[in-house]
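A quick write-up on the structure given underneath.
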C-alpha cells in the first residue's frame, strides 16, 4: 500500500478450458489405474484378511487347551497320591461312602468343613488329619479317621478356601459306560460327548473318576476326555458364517500315530488343498502338538472381495466435479484479486481518514511512501513535504538516527517487525513527542518490502502521569509540612521550606501567605503579607508597602473577601480579572494565579497564593484541594503560635503580679504538693520558693489546725467549689503566723481534680488587734467606773454596765445621744468643747 500504487494484473497461467481438460484426462487415467490395481490384488487381500482373523482364534484355542492341561496336572497328582488304583477299584472308592474310609465321605466332610469357616491341616509320614474351626477359632468338628484320600490336593484345586467338588449319583452309570467303551476301543475312540452328556456341572469329579484310564493313553485321554468340541467352540464363539476348520494332532513320539482331531467333524476336506490356512505349534501336557486352521467355504464366500465395476463411472464423476471445482476456484481467484485491490484502496482511505493514529509507510530505503493526515497533525509535516524523505531525517532525534538506521536494516534482513513500544520522536519544530509505535512489515507483489508504522500520541497520557506524580509529591509535601508544623514551635522556617518545595514542584514563580486583621478605628478587614518564596529571577514583593494592611473593599479586592470568606478559591488568568485587581497584580508580573483561603475555626483567617509569571496556567482541581489542605495546616499552625504567644503573655503578666504582691500564691497538684510558689513566700515565711516545690502544703500546719484545714481542702475537692480557712503556719525560723487562705479547685477536660490555686495572706497582726479588742472589751465590761464610747461626732456608741448603774440610763437610752445627756448645769458649753478637743488631739 502506498499513495502512488502500481497497478498489477491477474495471471491465470493456462486458460481456464485447457486446465479443465487436463484435469479430466488425469482423472480418467487415475480411475483406470485404480480398477486394474483392485483386480490384481484381490487374492493378496483375502490372504491378509484370513490371517488377521485366524491367528487370534488359534491363540484362543491354544490358551484354552493349556488351561485345561494345567488342571489335569493337578488331578493327576491327586491320582498318583492315591497309589494309582485301577479303574474298577477307583470308581467305588470315589463314589461310595463307607464309615471309616475315604472316598465320597471325605469329599462330603471337606465341603462341611469349608462351610464352617477355617480348615486346619495336619500331616505326617503315617497319616493325614483335618479339623474344622468356626470364625472365632473354636473347634466345631472332630478330626476324621486317617484318610487314604489326599485332601491337600483337593485344596490346591480350590484355592484353599472351599472345594468346588460335587457328586451326582446319576453320573455313575455314564462313567462306567465310558470306562467300558474305553477298555474295548481305547480312550481316543471313546465318545465322551455321548457318554457324559447327562453328567453334573461339576465335571472335575468325573475327571478324577476317569483318571486311571488316562495313565496309559495320556494323549488320547486329552483328546477324548477334555471335550475338545466344547473347548474349541467356546474359544471361537463366532457366527456360523465365520467358522473355521480346525485340525488338532499330537506330533511327538508315539503320539504322531494318533489321528488328528477335526472340528467340526462333519467337514471332511483336505486342509492341504485349502488356499488360505495357518498353522500353530504348541506344547500340551509336555508333548508337542500342531493346530491348523483353514477357512470354511461359508467364510470364503462371505469375505470374497468383489470387483466393483462402479469404480469407472464414480471416478469419471469425481473427475468432472473436480474440473468444475477448479473452474470455480480459478474464477474466484480472479475476483479475489480484484477484491484485494479494492480492499487495498479501502484500507488506504481508512488509514487516511483515521484521526487518532498517525500512519506512515516506508520503502526499503526508508523513504516515505504514505503519510496520512494524522501524521501531518502529529509531526507538523505536510504530505507533500514528507513523501520521498527518509525516516531518520523527518521524525527521529539526531542522537538516535544511526541506531534507527541500523535497526531498520536488521529488521529487513530478519524479515520481522519491531515489537510495539513507546518512543520519543521529534516534531517539525524540534519539540519531542512521545508516541506508542507499532510496525508492520509486508511484502509487495513485486517481492519488495514495505514498512508501515502506526503511532499513537501519548502526550495526554504523559501529562496525566505528570499530574499524578505531582499529586503524589504534593501529598507527601502536605504530610511532611503538617508533621513539621506540629513539631516546631516557630512555624516560620517550616512555612518557607514548604513554599519552596511546592514552588519547585509545580513550577510556579511565587508563593506567599497573607494574614487578616481588623482595623481598630474603622473595624474593616485588612490583610498583610507575612511570608513569601520566589523563584530565581522573580522580584519579591514582601517589601511592597501596598501589600501591608491592604483593605479588601477600599483596595479593590471586595470580590476576594467574599469568595475567600465563603471558602472558595481565586483562580484564573490575570487578564480576565477586574481592573481594580489587575492594577495591583499586573505590576508584579503575574500572568495566572491561584489563591486558597485559610480558615481557622470556621473564620476567614487569611490566604495562601501562588503566582505564575510566565505561563497562562490551568490549575487542576486536585492541586487546588491539596494546596487548600496545606494552607489550612499553615493557618492552624500560625493561629496556634498566636494563641501560645497570648497565653505566654498572660502567664507573664500573672507572674509579674504575683511576684510583686505580698499575698502568698501557690498551686498544688491533686495530692496537695506544691507545683508553684510565689516569691512572697520568702518575704512572709522565709522559705525560698524552689525549696518548697514537690513538698506537701500541709507539712507546716500547726497540729491544732491540721484537721480543720484538711477537711476544708477535702470539701473543696469533693464539691468543686472554692473554700476558705484560717490556720497557723510555721515560718522558716520555727515561729507560727496566722494565714487566711482562699482556694479554688482545678479540673481537667474530663472533670478529674488536678489540684488547686491557693491565695493566702498574713493576718497575724489582725489577730493580735482582735485579741486586744477582746481583752479591752472584757476590761470595759468589768471596770467599776462608768465608761462611754463615742464617735467623732460625740455620739455615744457604747456604755458599760457601771455607767448604767451610776447614771441610771440603760445602754439603749444612752446609745445615739451625746454626753450632754449627763450635763448637771455647773459647766458651760465651752468646757465640754475643750474636753472633747483634748480627747481628739491628745487621746
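Derivation of every value follows stated rules applied to the coordinates shown; laboratory data play no part. Fair warning: this is a prediction, and the values are worked out from it, not measured in the lab. Glycine gets a Cβ as well: all are built from the backbone with ideal geometry, and neighbour counts include every protein chain shown.
Once both labels are modelled 7 Å past Cα along the beta-carbon direction, what's the residue 326-residue 663 spacing in nm?
In this crude spin-label approximation the distance works out to 13.0 nm.
Kindly state, to the nearest 0.05, the FRET efficiency for residue 616 paired with residue 721, given R0 = 60 Å and r defined as their beta-carbon distance.
My answer for the efficiency is 0.30.
Could you state the orientation-averaged shadow area of the convex hull built on the Cα atoms of region 658-768, in nm² to one decimal?
6.9 nm²
Return the Rg/Rh value of region 464-641, two decimal places, where both radii are evaluated on C-alpha atoms and Rh is the Kirkwood radius.
Result for region 464-641 is an Rg/Rh of 0.94.
In square nanometres, what is one fourth of the surface area of the convex hull spanned by the alpha carbons of region 491-594?
For region 491-594, averaging the hull's shadow over all directions gives 7.2 nm².
So for the pair residue 821, residue 410, with labels modelled 7 Å out along Cα→Cβ, what separation do we get in nm?
Reported label-point gap for residue 821 and residue 410 is 13.4 nm.
When the chain is fully extended, how far beyond the present Cα-Cα distance does residue 785 get from residue 390, taking 0.36 nm per residue of separation?
128.0 nm
Take each of the peptides 712-722, 599-609, average the number of other beta-carbon atoms within 10 Å over its residues, and list them starting from the highest.
Going from most to least packed, we get 599-609, 712-722.
Under a plain spin-label model, where a point goes 7 Å from the Cα along Cα-to-Cβ, how far apart in nm are residue 417 and residue 67?
Rounded to a tenth, the inter-label distance reads 6.8 nm.
Using only C-alpha atoms and all pairs of different ones, pull out the Kirkwood radius for region 399-456 in Å with one decimal.
12.7 Å
As a footprinting exposure proxy, order 521, 412 by other Cβ within 10 Å, with the fewest listed first.
521, 412
How many angstrom separate the Cα center of region 685-761 from the Cα center of region 354-388?
Computed from Cα coordinates, the inter-centre distance equals 96 Å.
How would 444, 431 line up from fewest to most surrounding beta-carbon atoms within 10 angstrom?
431, 444
Once the piece of chain linking residue 673 and residue 60 is laid out straight, how much longer is it, given 0.36 nm per residue of separation minus the C-alpha distance between them?
Stretched out fully, the residue 673 to residue 60 stretch lengthens by 209.1 nm.
What FRET efficiency comes out for residue 559 versus residue 774 if R0 is 51 angstrom and r is the Cβ-Cβ distance? Round to the nearest 0.05.
0.05
Please give the contour-minus-distance gain from residue 801 to residue 476: 0.36 nm per residue of separation, less the Cα-Cα distance, rounded to one decimal in nm.
Working it through step by step, the gained length comes to 107.7 nm.
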